[in-house]
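The next block holds one structure in the form of structure tokens; read it before the comments.
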Amino acid sequence: MLEIVFFYIAATVALIATVMAMTRANAIHALIYLIVSLLAVAVIFFLIGAPFAAALEIVIYAGAIMVLFVFVIMMLNLGEKGDKQERQWLKPGIWAGPAILSVILLVELLIVIGDVNGPVSVSAVSAKEVGLSLFGPYVLAVEIAAMLLLAGLVGSFHLGRRYLERDHIEKGSSQ
Amino acid sequence: MSETIWVIPLIPLLSSVMLMLFGSRLKITHIGFLGVASVGISALLTLVLAVEFMQNQQIIQESLWTWMEVAGFAPGISFYFDGLTLVMMSVITGVGFLIHLFSTEFMEKDPSYARYFAYLNMFVAAMLVLVMADNLLLLYLGWEGVGVCSYLLVGFWYQHNANGQAARKAFIVTRIGDTAMALGLLLLFTELGTLDIQAMVGAANQTWQIGDSIPLIACLLIICGAVGKSAQLPLHTWLPDAMAGPTPVSALIHAATMVTAGVYLIARTHGLFLLAPTAMTVVAVIGIATSLMAAFTALMQTDIKRILAYSTISQIGYMFLALGVGAWSAGIFHLMTHAFFKALLFLGSGAIIHCLHHEHNIFKMGGLRTRMPVTFWSFMIGSAALAALPMTSGFFSKDQILLQAYQLPDLGPGLWMAGLLGALLTAIYSFRLVFVVFFGEANTEPDKDTGWRMAVPLSVLCFLAMIGGYFMIPVAEVFPASDGSHPAHWVEYVSISVPLVGLLVAYLVFFNRRLNIDGLANSTVGKSLGNFWLSGWGIDWLYDHLFVRPYYGLANLLKSEPVDGIYGLIVALNQTFNHWLSAAQSGRMRWYLASMVAGLIILITLAANLPTGVLQ
Amino acid sequence: MIMINLIGILLIGGLLAMISERFDDKMPRKVAMAVVLTDLLYLLMCLSGMPEITQLQAPLANDPSTWLMHFKSDWIPAFGISIELALDGISLLMVLLTLVLGAIAISASWTDIVVRKGFFEANLLWSLAGVLGVFMALDLLLFFLFWEVMLIPMYFMIAIWGHENRGYAAMKFFIFTQASGLLMLISVLALVAINHSNTGVWSFSYFDLLNTQMAEQTAHWIMLGFFVAFVVKLPGFPFHTWLPDAHTQAPTAGSVILAGILLKTGAYGLIRFAVPLFPEAALNFSYPAMLLGAAGVVYGAVLAFGQTDFKRLIAYSSVSHMGFVLLGIYAWNELALQGAVMQMVAHGFSTAALFMIAGSLQERLHTRDMRQMSGLWQQMPRMGAVAMFFVVASLGLPGLGNFVAEFLVLLGLFKVNAWITVIAATGLITGAAYSLLLMQRSFQGEVNKKWADHGLIDFGSREMLTMAVMMIALIVLGIYPQPVLDTAHPVLQSLLELTTEPVNTVAEVVR
Amino acid sequence: MDGLNIPLNHILLVSSLLFAIGMLGLMIRRNIIFILMSLEVMLNAAALAFVAAGAHWEQPDGQVVFMLILTVAAAEVAVGLGLVLQVQKRFKTLDMDHANRMQG
């Protein structure tokens, strides 16, 4: 009973936080809302019996990935000017069309999932089970994920290095 | 001789080919010799043939090879020789030889001497094929062959655009008739299964009754061909312009031989025309109408050659009249005598033009009687024959035509009277020519009179023009016999006297000026009528506005290829789509996203509407 | 095997010609000429061992062994696709025409190609190889393959060595023929599929596909696919618009091959495939087809009259002349078909020669605009005389090949429909009009001072020799066409047996 | 607890809403940072749906897929943010409408 109440609270929090994240002009504010949203989703994960997923959500999503955002935003140093620009871009005229599209899509999704019935299980799927299937039937997917991460690593390193080099060269030439 | 008549057209043809291939390397005298001798040999062979024919009256049929053989259509390269062919061959080779001889002097100074004789020899060959052909397709070969030679010779002095224009006009106008004739051939073959003239006429008599519509259509189509070639209404306009060619060419092609091919064609296929009396009436009416129209026009012309050209048209009109009233042999007889005296007149005018440095206007001549006596006497005799003064050759032939026309029921007397009017006009314009050119004051100074190569043909033709009327042409076997009855004597007397009246009128008006017609000519009516006649009854103008200009306009209109517009439309459509699609590729990420979402919506909508079971 | 060799010699010869440019820049043309003449000699030698062609029995449409030559070898057996070549009278005529005109085309381009000579000659030979394949292939997929093969070298010839507007012309040519080829492919596949559903056997062989039973409507649409493909190539009105551009822009040899040979593949396709495969559908369609033919005759002639470009005029005259072929084919009786075959051969020579003259003029004057010519006879009498010969040939002078062709077509057509014959016959008049205009504007007329000091060179012996070959060919065709007629006769006989003649005599029309 | 579990379609509803909001953000934002954030929201929404479905069937597969999504998100953010730095460097703006020329 308590889980159901908690679920609705968490869901509400997640939705509100996401809406706020999407509409903020200041990147850091948006980011913090986003983290709240992710945490709320983590709560839902926990409630529907996926504690392992909830942990990962907090550690990696809300932790690692969001920190990356924070770093980058700090590096870019957008400041007041950026905020003003963002506010200007967020005029109703701009988001009216996309909003209609989104609503249509949402309605369609809801209709499609309308006839899905049945509760989710409360019995938790343990980390062990997840681990067993990860390195059992899904081992190929794990390999692919590994490759993907490696590619991401190399890619970001390459892009970031060039950024620094360029910076360095330009600074050097301007001196 | 009778086994190898195919040699007769072959010799001029070979000579022509040789002149074309090696003409530029031969000496002038050799060229002339080759050109004249080849026709001369043909003429001699024709003479031999004639003598043989007179003795045994034997019709010769000779087949060289089958031209083509497809599904029962098997015209041969084969020749047919009878009295009618003999008359035509004699005229072509005989007069042709004289004109070739005349040309050697006339064209002496021309740089394209070899080309001239090559064309002229080829013409003789083609003309001989035309008259000797045993089937209509081979006849058509000769028919078109002479047409091309005529084109080449009219446009012989190609450096002047006007000559080329005249040549093209001559070819295309006759081509209109030729095409109709070709259709006639198609119809005859389709209906009768053969184009062999004798067999065809035989089959026609078995298949059709007199007055049937198919022989009428066939005959009308053949008439179109004949009308085009023989310069009759309504396809006569090319002939006066065709005078742009060298004068001997006019004498040979546009007076003596080619233009009478239409007469020959109708005479040759008279078996068909007898089945279609309406067609014969058409021939007669075309003939007399043309004859009068041309005679009026000739009255007003000032160019010596154009006078003669219109007079040729007019005389061929008489021949058509003869054919139309069934006076076949009279028509052919007139064809022959006309060949003599008209060739004579043309050569005479050629001599004048040659000696006066290409002067064509008769009012700039005058007084040539004493300076060019040979030419003067040729012209006198020629004009007398043309005007059909008694005892000349033209008298006998024209008289026969008029008398037989008179005997035709219903239309007869009308045709006769019209013919008489034509004869009167003929006498007036021919002696107008003589009086203006040879009498009166001299306006120009000729170099000299003609040389022997011109004088000999002139004299021989004078002789023929005088006595030609006493020849008996051997065509009795060819044509059905006429009933032989004679009209009342007064008809004959009137016929004889009319040309004399004409001569008198010409004498009074143009020689001693008793009769002054200046007032009449200068009145408004007279002037406009004069101009009307001068322009050949405005027919050229009419055709120009009715056919030539619209055709040019059409060609110009279509020149930019309207059909391509349809394909251009397809191209434009594609380009528009291309434009739209490249506009979609704007590089704006939000736009891409929006379209992705839109696509997603469509996909989900489709998926949701699919039958259940697909989703689950 | 002989037929494979014929094609192979040309393909390999093309490679040789390309390579030979490395040794000497004048080599390719000699190599190419040698290759074509070798091919021709080889064919003639092989033929000499065969029975007299006139004594051949009619090749039975469903029995390959009655044909003059037949070759079959598996290619993709799973789908019944084979390398099947066969030769009968009409194919033989077309193959001979191709090789002779090929040699003439090489001679025509003897001097006017200056860049990448080796590649040019190679393209020329490959194009000829494709055409030979088209004339001999009896497997429908192989036919389609050759159909495409002949286009690509031609595309290159126009696009690389063409005149000022070559890119446009080449692309137009390519798109038209490619689109029509696609239609044909679809039709072929549909036909094969129907045959498969009827018999359960996959086969692309002509002999198997004859007499395929199908619904009337289906036959109609498939036949239209073939019809359009071939009529675009022919070209028939209103699919002709690629032709004036392609002919005008192509180099001389390209124009000669295009007009002389490539157009004939369309006519050949109609005779060999479009009608026999669907006899009923095709003959039901004969009336519109003949109307298109007549429209082509008249339209081509009128447009030719309006042109000022020497080559464009000849190109439109081709449209007019090929209209007669279309008429002849769809009149579908022996007279008309013989006429169509004759027209294919005779037009090949007469137009090829006119294009050569146009090429020579362009080479000397650097223009094709007739308004700038006039009076050229004065300086180049030999060229003028030759041009005159071919002009009168093209206007259908009796005694030359074109007349025989046109007259036979009209004769056959008259039996079928008199009124269309009348329309088509006006082509003889308008034909005279544009032909003589061509002569008047270029060689006759006042001597143009502009060229007086250009030292224009008259035809030399090489050119005269080439022209003489074509002149003699036209004269022989004109006064003794029987060998050609006899060669085509048995084939047409067997084709006519496949179909029933449309019954509509002239008497009905006239009465 | 029996019969009082969280209904699956409610979780899916939340997931759909999150997805729609993320997509909306994706479409209305021009700043690349926000675009990346929106992507994260959408990925997260999908992940939620997977985990919920896994829970429904009491199978670990949902969470396995969630982990895969997590790796994708990580890699994407790493590369994406690297690109952000480059874009900022080159164009002096984060507006994607201005940085739409694919030039070096």
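The values are calculated or read from the model by the stated rules, or taken from the named source; none is laboratory data. Fair warning: this is a prediction, and the values are worked out from it, not measured in the lab. Reconstructed Cβ throughout: ideal geometry from the backbone, glycine too, with neighbour counts over all protein chains shown.
Sub-6 Å Cβ pairs linking a first residue in the range D:59-80 that is facing chain A (nearest Cβ under 7 Å) and under 14 Å from A:V154 (Cα atoms) to a second residue that is polar (S, T, N, Q) and surrounded by 19 or more Cβ atoms within 10 Å (Cβ to Cβ), at least 6 apart or interchain, are D:A78/A:S156; D:V79/A:S156, ordered by first then second residue. Of the numbered criteria (1) of a type in the set (S, T, Y); (2) part of a loop (DSSP other than H, G, I, E, B); (3) more than 10 Å from chain C (Cβ to nearest Cβ); (4) under 23 Å from C:A385 (Cα atoms), the one B:T194 fails is (4). Exactly one of (1) modelled with pLDDT of 90 or more; (2) surrounded by fewer than 23 Cβ atoms within 10 Å (Cβ to Cβ) is unmet by C:M184. Its number? In the conditions (1) modelled with pLDDT of 90 or more; (2) surrounded by fewer than 23 Cβ atoms within 10 Å (Cβ to Cβ), C:M184 misses (2) alone. Among the residues of the range B:150-165, those identified as over 20 Å from B:P111 (Cβ atoms) and either within 13 Å of the chain's Cα centre (by Cα) or not in a helix (DSSP H, G or I) (or both) are B:S150, B:Y151.
Among the residues making up the range A:107-120, those that are of a type outside the set (V, I, T), at the interface with chain D (Cβ under 7 Å from one of its Cβ atoms), out of contact with any Phe, Trp or Tyr (no Cβ under 8 Å at 6 or more places or on another chain) and surrounded by 15 or more Cβ atoms within 10 Å (Cβ to Cβ) are A:L110, A:P119. Counting only helices (runs of 4 or more DSSP H) that fall entirely inside the range B:244-345 and contain at least 3 residues that are out of contact with any Gly (no Cβ under 8 Å at 6 or more places or on another chain) and among the hydrophobic types (A, V, I, L, M, F, W, C), the qualifying elements are B:277-300, B:304-324.
For the range C:128-135, check the following and say yes or no: at least one residue is part of a helix (DSSP H, G or I), buried (at least 19 other Cβ atoms within 10 Å of the Cβ) and free of Cβ contacts under 8 Å to residues at least 24 places away in the same chain. Yes, because at least one residue in the range C:128-135 is part of a helix (DSSP H, G or I), buried (at least 19 other Cβ atoms within 10 Å of the Cβ) and free of Cβ contacts under 8 Å to residues at least 24 places away in the same chain. Among all positions in the range A:122-132, there is at least one residue which is more than 8 Å from every other protein chain (Cβ to nearest Cβ) and more than 29 Å from D:L13 (Cβ to Cβ).
Selection within the range A:126-171: residues that are farther than 30 Å from A:F45 by Cβ and surrounded by 14 or more Cβ atoms within 10 Å (Cβ to Cβ). The member of this set that is modelled with the highest pLDDT is A:L159. Taken together, the residues in the range C:207-264 that are hydroxyl-bearing (S, T, Y) and in a helix (DSSP H, G or I) amount to 4. Inside the range A:87-125, residues that are assigned to a loop (DSSP other than H, G, I, E, B) and at pLDDT 80 or above make up a count of 0.
Contact annotation: residue pairs with Cβ atoms under 7 Å, 6 or more positions apart or on different chains, pairing a residue in the range B:364-393 that is in the same structural domain as B:F340 (by the TED database) with a partner that is crowded, with 24+ Cβ neighbours inside 10 Å and in a loop (DSSP other than H, G, I, E, B), are B:V374/B:T450; B:T375/B:T450; B:A384/B:T392; B:A385/B:T392. When the range A:18-30 is filtered for residues that are surrounded by fewer than 21 Cβ atoms within 10 Å (Cβ to Cβ) and part of a helix (DSSP H, G or I), the ones remaining, listed by number, are A:V19, A:M20, A:T23, A:I28, A:H29. Among the residues here, B:E52 qualifies as surrounded by fewer than 17 Cβ atoms within 10 Å (Cβ to Cβ) and either outside the structural domain of B:Y119 (by the TED database) or in contact with a Ser or Thr (Cβ under 7 Å, 6 or more places away or on another chain) (or both). Counting only residues that are hydrophobic (A, V, I, L, M, F, W, C) and within 7 Å of another protein chain (Cβ to nearest Cβ), the range A:137-152 holds 5 of them. Of the set (1) within 14 Å of chain B (Cβ to nearest Cβ); (2) of a type in the set (A, V, I, L, M, F, W, C); (3) in contact (Cβ under 8 Å) with a residue 60 or more places away in the chain; (4) surrounded by fewer than 24 Cβ atoms within 10 Å (Cβ to Cβ), all apply to C:F174 but (3). Can you confirm whether the range B:100-123 contains a residue that is at pLDDT 90 or above, within 19 Å of B:I217 (Cα to Cα) and surrounded by fewer than 24 Cβ atoms within 10 Å (Cβ to Cβ)? Within the range B:100-123, none of the residues are at pLDDT 90 or above, within 19 Å of B:I217 (Cα to Cα) and surrounded by fewer than 24 Cβ atoms within 10 Å (Cβ to Cβ). Evaluate the following for C:G296: is it outside any loop (DSSP other than H, G, I, E, B) and closer than 24 Å to B:Y567 by Cα? Spelling it out, C:G296 is indeed outside any loop (DSSP other than H, G, I, E, B) and closer than 24 Å to B:Y567 by Cα. Residues in the range A:3-20 that are facing chain D (nearest Cβ under 7 Å) and aliphatic (A, V, I, L, M): A:I4, A:A11, A:A14, A:L15, A:V19. Going by what's in this entry, would C:S109 be described as at pLDDT 90 or above and of a type in the set (S, T, Y)? So C:S109 does not fit the description; no.
Okay, residues lined up against (1) buried (at least 23 other Cβ atoms within 10 Å of the Cβ); (2) more than 10 Å from every other protein chain (Cβ to nearest Cβ):
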residue	(1), (2)
B:W157	no, no
B:N163	no, no
B:Q198	no, yes
B:Q206	no, yes
B:I210	no, yes
B:A226	yes, yes
B:P234	no, yes
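When residues in the range D:21-35 are screened for being under 11 Å from the mean Cα position of the chain (by Cα), closer than 12 Å to A:A21 by Cβ and of a type in the set (A, V, I, L, M), 1 of them pass. The residue that is farthest from C:G236 (Cα to Cα), counting only those in the range C:187-206 that are touching a helix residue (DSSP H, G or I) at 6+ places or on another chain (Cβ under 6 Å) and assigned to a helix (DSSP H, G or I), is C:N195.
All told, A:M74 falls short of being touching a Gly at 6+ places or on another chain (Cβ under 7 Å) and either part of a helix (DSSP H, G or I) or at pLDDT 85 or above (or both).
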